[in-house]
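First the structure, in the form of structure tokens, and then the observations on it.
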Amino acid sequence: MIPITRPCVGEEEAAAAAEAVRSGWLSQGARVQEFERAVAAYVGARHAIATSNCTTALHLALVAAGIGPGDEVICPSFSFIATANAIVHAGATPVFVDIEPRSYNIDASLIEARITPRTRAIMPVDQIGLAADLCAVQEIAHRRGLRVVEDAAPALGATVGEARVGALSEFTCFSFHPRKSITTGEGGVITTDDEQAAELLRRLRSHAASTSDLARHVSGAVEIEEYRELGYNCRMTDIQAAIGIVQMRKLDQILAERRRLAQRYAALLAGVPQVETPFEPAGRQHTYQSYCIRLRCRRPRSEIMAELAAQGIATRRGVMAIHLEPYYRARFPDVSLPVTELATAETLLLPLFAGMTDAEQECVVAALQRALG
């Protein structure tokens with residue numbers, strides 16, 4: 001079976017994790033700080049705050065932005081369900097907006113019509129690793145006095161012009177799940193230039209303790225921490241961070257390989273009329289967390305996926321429409337997003353990962369052509 005993805009990890013990551021275990025410091029510590037510095041430096045942000053995963057990163061960023069009960073947050077429905085879940089966990093209400101038909105990102109031209117007196121923030125999603133139209137989102141947010149919490153889960157390394165995602169929004173949240181370009185097993189990071197917000201986030205992720213375990217350990221003095229806010233346990237372990245430090249050194253190489261494979265897919269599929277390949281707008285560079293194609297045929301996607309599976313090819317549906325999932329359908333029964341719904345029905349993810357061989361890629365394309373008839 002050719003998997004949908006395969007993490008690019010090896011002996012270096014295993015050795016780094018083992019060293020962390022042998023050190024005796026397993027929870028959040030010096031390695032987490034080193035990992036945070038590496039991410040912040042890479043994206044060009046002043047601060048990076050590591051968390052247990054991207055969902056908790058989004059939640060904490062919303063809390064730090066002052067979002068809570070009674071507030072509304074504008075977001076796309078075409079995303080992983082964590083986007084909306086984080087808003088709900090913060091006590092706010094997601095307000096779904098339709099997407100652009102080619103980039104699959106939030107359609108900025110539709111945002112203002114969804115703003116109400118309760119709107120407090122916009123959460124653009126850099127879908128599948130392609131940055132949203134962040135300039136347009138930021139302009140609306142600035143003009144209307146809204147916060148921006150960017151869900152960049154699959155987009156570490158994506159660019160807008162010369163700038164990297166992570167340095168463009170008030171808060172940007174990344175994921176290090178094994179499906180992403182680099183991984184820590186589970187894990188997330190929030191990047192921000194806001195010094196005060198960064199200090200708050202560091203407290204909130206660790207029960208809102210006024211000082212960290214590591215700070216107390218290295219100070220050599222007796223320090224009794226205080227808890228002035230309601231916090232959470234969203235810490236990353238030093239074992240995860242040790243893996244992440246190694247992975248960060250490989251990131252550019254991994255991204256280059258993903259782009260090479262994506263370009264090769266585009267060439268191999270150029271003569272297949274039933275397949276629309278990914279769109280990359282001018283000035284924005286894709287990370288290709290996955291290779292998302294659009295099927296232009298009458299045969300149901302489920303049949304094509306089943307036939308590919310029978311040929312040893314793993315696939316996934318493109319991206320869900322959150323508002324059609326049972327929990328959100330019950331809460332928002334009248335929401336209709338035609339572009340999102342059509343994209344959800346027609347998109348399909350093909351295997352793509354650093355280390356994928358040309359032969360494996362050719363096998364995927366041949367199997368797809370057979371499934372399409």
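Any residue in the range 14-22 that is on the phi < 0 side of the Ramachandran plot, among the basic types (K, R) and without any contact (Cβ under 8 Å) to a residue 12 or more places away in the chain?
yes
Can you pull out every residue in the range 311-330 that is farther than 26 Å from K180 by Cβ and either out of contact with any helix residue (DSSP H, G or I) (no Cβ under 9 Å at 6 or more places or on another chain) or touching a residue at least 24 places away in the same chain (Cβ under 8 Å) (or both)?
Q311, P326, A330
In the range 262-279, what residues are buried (at least 18 other Cβ atoms within 10 Å of the Cβ) and in contact (Cβ under 8 Å) with a residue 60 or more places away in the chain?
Hits for the range 262-279 are A262, Y265, L268, L269, Q274, V275, P278.
Of the numbered conditions (1) polar (S, T, N, Q); (2) more than 29 Å from E280 (Cβ to Cβ); (3) in contact with an Asp or Glu (Cβ under 8 Å, 6 or more places away or on another chain), S169 satisfies every one except a single condition; which is it?
Every condition holds for S169 apart from (2).
Conditions tested, residue by residue: (1) in contact with a helix residue (DSSP H, G or I) (Cβ under 9 Å, 6 or more places away or on another chain); (2) in the same structural domain as L156 (by TED's automatic domain parsing); (3) over 23 Å from S290 (Cβ atoms); (4) among the aliphatic types (A, V, I, L, M).
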position: E195; (1), (2), (3), (4): no, yes, yes, no
position: L204; (1), (2), (3), (4): yes, yes, yes, yes
position: E223; (1), (2), (3), (4): yes, yes, yes, no
position: E226; (1), (2), (3), (4): no, yes, yes, no
position: L230; (1), (2), (3), (4): yes, yes, yes, yes
position: I239; (1), (2), (3), (4): yes, yes, yes, yes
position: E257; (1), (2), (3), (4): no, no, no, no
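Does any residue of the range 138-151 turn out to be over 23 Å from T56 (Cα atoms) and in contact (Cβ under 8 Å) with a residue 40 or more places away in the chain?
no
Of the residues R102, R6, which is within 22 Å of the chain's Cα centre (by Cα), over 30 Å from T211 (Cα atoms), surrounded by fewer than 21 Cβ atoms within 10 Å (Cβ to Cβ) and not assigned by TED's automatic domain parsing to the domain that holds T172?
Unique residue meeting the criteria: R6.
Out of S290, S175, I need the residue that is at pLDDT below 95, over 24 Å from E19 (Cβ atoms) and surrounded by 18 or more Cβ atoms within 10 Å (Cβ to Cβ). Which one?
None of the others qualify; the one that does is S290.
Can you pull out the residues in the range 70-89 that are farther than 18 Å from S175 by Cβ and not in a strand (DSSP E or B)?
Of everything in the range 70-89, those that are farther than 18 Å from S175 by Cβ and not in a strand (DSSP E or B) turn out to be G70, D71, S77, V88.
Name the residue that is surrounded by the most Cβ atoms within 10 Å (Cβ to Cβ), counting only residues in the range 17-36 that are farther than 7 Å from D238 by Cα and touching a strand residue (DSSP E or B) at 6+ places or on another chain (Cβ under 7 Å).
Among them, the one singled out is F35.
Taking the range 326-371, which residues are surrounded by 13 or more Cβ atoms within 10 Å (Cβ to Cβ) and either at pLDDT below 95 or among the β-branched types (V, I, T) (or both)?
V335, V339, T340, T344, T347, V364, V365
The values are calculated or read from the model by the stated rules, or taken from the named source; none is laboratory data. Keep in mind that this is a model prediction, so the values were computed, not measured. When we count neighbours, we look across all protein chains shown, and the Cβ atoms used for this are built from the backbone with ideal geometry, even at glycine.
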